Amino acid sequence: MKKYVFAAMWLLMNTVCAWGVQFDKNPSADKPEVGSSVITAREVFRQNIPATARQFIGTPYEYGGNPLTSGTTDNSYLFFAIYTTAAQRAGLTYHGYLPMARLLKNVSQIDENQVQKGDLMVLNNQLAAMVFDIEDTGRLHLIYVSEKRRQVISFHSDNLVFEVFWLKNMTGFFRLKEAMLR
């Protein structure tokens, strides 16, 4: 009787394994079709930027404050918190905290027509705002820490201050280098 039970179990296990191997050998199983709705983790990361950024609006300014731990923030920690949280929600890891000068060495300049959620608008004095949302009309929504107002604020590209101050002093738009997200 034991021989029959053992033989039946062996046959069942080998049949299941054979089916598994057959399914694994499908060459197109891992390749999305052109036009498919499969999105990448980096696209999910960008989709998470708006909701993540909005949760920090109104956070009080404090130099060196990390909003994830202290409830206060400066600009470099604000960007760190947004990138880290959005990356985690997408199953990615953000490189880690970098002071603004070092962060700006880990971005690449992009054309203004290529701006996406999470890109930075950098001024000639290294002040930066993050583009956290883009309307279908092209209107940009940006977020940064205002030392003058002593809190995280958001504004949009139809705002007069955007025209008079940000565009006038702009160095350009910048995107994180690929190595910053893994």
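Only the coordinates and a few stated rules stand behind these numbers; no lab work does. This structure is a prediction, so every number in the text was calculated from the model and none was measured. Glycine gets a Cβ as well: all are built from the backbone with ideal geometry, and neighbour counts include every protein chain shown.
Between the alpha-carbon centres of the stretch 95-115 and the stretch 163-182 there is a gap of 6 Å. Which log10 I(q)/I(0) values, to two decimals, does the stretch 41-180 give at q = 0.10, 0.11, 0.14 Å⁻¹ under the Debye formula with one point per Cα? At q = 0.10, 0.11, 0.14 Å⁻¹ the computed log10 ratios are -0.28, -0.35, -0.58.
Residues VAL161, VAL107, ranked from the fewest to the most other C-beta atoms within 10 Å, line up as VAL161, VAL107. Take the Cβ atoms of ILE57 and ASN125, set R0 to 25 Å, and the FRET efficiency comes out at 0.60. Once R0 is set to 25 Å, what does the formula 1/(1 + (r/R0)^6) return for the Cβ-Cβ distance between PHE165 and ASN113, expressed as a FRET efficiency to the nearest 0.05? The formula returns an efficiency of 0.70 here. For the stretch 47-76, backbone nitrogen atoms closer than 11 Å to the point 7 Å from GLN88 Cα along Cα-to-C-beta are found at 68-69. If only the Cβ of Lys and Arg carry +1 and only the Cβ of Asp and Glu carry -1, the dipole of the stretch 41-180 around its Cα centre is close to 340 debye.
Annotation: amide H-H contacts under 5 Å for ILE110 (H modelled 1.01 Å from N, sequence separation of 5 or more, or interchain): PHE173, PHE174, ARG175.
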